[in-house]
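Comments concern the structure below.
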């Protein structure tokens with residue numbers, strides 16, 4: 001890659017010397033926060049031989065992600081380098097005309113009318129999880145984050161792809177963890193590889209092989225069974241008719257990876273925050289008692305489950321599942337009065353934007369009521385990205401998370417294991433570094 005340069009007078013503020021990339025990678029959340037607090041909303045620094053630009057104001061994020069969408073690409077970004085070896089040329093990694101074609105192909109499966117029809121699958125799988133929790137040893141803390149990952153995986157594959165993974169789901173979850181550990185600690189061309197990188201790489205290669213095998217198995221299963229009945233085609237059925245085998249594998253793996261991991265993390269952080277804020281949990285319990293009166297929630301109940309939805313939205317503000325967006329400028333640009341050369345790497349961190357003291361009152365506090373007013377400045381709140389590439393599954397994710405949360409909290413209390421450390425770790429997604437062990441008790 002040719003390093004990008006710019007005349008000194010046009011360079012946004014930032015450290016005079018190249019940053020210590022090892023220290024930055026050890027704690028990227030602290031790094032992006034410090035850059036914003038010390039140097040402002042438009043900063044630059046040199047790392048890995050190139051100048052990198054950080055944008056942390058809503059209008060600046062909108063400029064790159066929406067207004068000038070055609071002049072910024074995901075190609076050759078760190079995100080692309082991490083994800084493409086695993087996901088190939090799926091919806092998350094493709095660009096330009098190919099991305100637009102894939103988006104059009106997938107869009108009908110994620111329309112609001114299609115998504116609300118999945119409510120039975122969502123609550124059925126959630127009740128199955130509750131049954132497993134009831135059969136566990138009473139009072140024994142459980143790895144709730146792992147269980148939620150398995151849950152959202154099962155929901156996604158059944159609802160969107162029409163396939164039940166069954167027992168393969170748990171192995172899939174472990175493989176996702178291994179892939180995330182490697183991709184989240186991605187270092188361009190390490191030489192020589194430290195021992196821990198070698199081990200992570202080995203685990204990643206094994207995980208990638210397993211994940212691709214699962215994707216091929218899902219495809220073969222659907223090809224064998226076909227739609228359950230006339231008019232019940234899934235997105236999988238549509239893709240089978242449109243894509244060749246490699247493109248189909250890439251698209252299935254992308255949908256599975258992107259469609260379950262972020263929702264699982266949003267739910268994990270929501271349950272943690274509600275345990276830490278019992279008054280907010282009490283509002284949800286009262287809402288569930290009034291709206292549901294003991295019955296299973298459906299899509300028709302969603303407008304009334306306002307406290308459930310706000311609890312999730314606020315959790316995604318504080319702990320955005322995707323914490324950084326990166327793009328490359330395809331031609332010279334001017335942002336905030338500074339010249340951005342062609343080829344420059346430009347990043348927006350939701351972690352910083354969602355906690356920016358200029359835009360949020362009590363930015364570090366958990367206040368779901370702030371989402372009672374849905375009118376936020378454009379591109380201030382980006383849990384699903386922004387602009388043209390806003391996540392295609394955002395409505396599905398919110399419907400799923402709200403129904404899962406309502407179904408769980410109607411039946412159980414979840415309490416963090418005493419003394420358990422909770423620390424966000426910025427890998428591909430923003431995950432609890434040590435997991436999330438909680439005790440489940442009947443409500």
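Only the coordinates and a few stated rules stand behind these numbers; no lab work does. Predicted, not measured: the structure shown is a model, and the values here were computed from it. FYI the Cβ positions are ideal-geometry reconstructions off the backbone, even for glycines, and counts take in every protein chain you see.
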- Message: Output the 0 to 90 degree angle, nearest 10, between the alpha-carbon long axis of helix 278-291 and the longest principal axis computed from the alpha carbons of the chain.
- Response: 50
- Message: For the chain, what are Rg and Dmax over the alpha carbons, in angstrom?
- Response: 21.8, 66
- Relative contact order of segment 1-138, pairs being alpha-carbon contacts under 8 Å that are 6 or more residues apart, as %: 15
- Item | Paired Rg and Dmax values of segment 331-443, which use every Cα atom, in angstrom | 18.6, 59
- Can you figure out the FRET efficiency of residue 221 with residue 388, using R₀ = 41 Å and their beta-carbon distance, to the nearest 0.05? 0.80
- Relative contact order as a percentage, the chain, C-alpha pairs under 8 Å and 6+ apart, gives 26
- Message: Which three extents, in angstrom, do the Cα atoms of segment 224-358 have along their principal axes, listed largest first?
- Response: 59, 53, 22
- Query: Between residue 441 and residue 67, what length comes free when the chain is fully extended (0.36 nm per residue of separation minus the Cα-Cα distance, one decimal in nm)?
  - Reply: 129.7 nm
- Note on the structure: Along principal axes, largest first, the alpha-carbon spread of segment 26-162 in whole Å comes out as 54, 42, 30
- Along the principal axes of its C-alpha atoms, what lengths does segment 239-278 span, in descending order and rounded to whole Å? 51, 13, 5
- Would you calculate, for the chain, the mean residue ellipticity at 222 nm contributed by helices, counting each DSSP H stretch of 4 or more residues as -39,500 (n - 2.57) and dividing by all residues, to the nearest 500? -16000 deg cm²/dmol
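Can you tell me the relative contact order of segment 260-336? Whole percent, Cα pairs under 8 Å, sequence separation 6 or more.
On the way: 34 pairs, mean separation 35.3, N = 77.
Once normalised by length, the contact order is 46 percent.
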- Query: Can you give the angle from 0 to 90° between the axis of helix 78-87 and the longest principal axis of the chain, with both taken from C-alpha atoms, to the nearest 10?
  - Reply: 40
- Item | Extension gain from residue 245 to residue 19, taking 0.36 nm per residue of separation minus the Cα-Cα distance | 77.0 nm
- Message: Can you compute the modelled spin-label distance between residue 174 and residue 140, with each label point 7 Å from Cα toward Cβ, in nm?
- Response: 1.8
- Measure nothing fancy, just the Cα-based angle from helix 195-225's long axis to the longest principal axis of the chain, in degrees from 0 to 90, nearest 10. 50
- With r defined as the distance between the Cβ atoms of residue 293 and residue 116 and R0 fixed at 30 Å, what FRET efficiency is calculated, to the nearest 0.05? 0.90
- Message: Calculate the FRET efficiency for residue 48 and residue 26 from the Cβ-Cβ distance with a Förster distance of 22 Å, rounded to the nearest 0.05.
- Response: 0.90
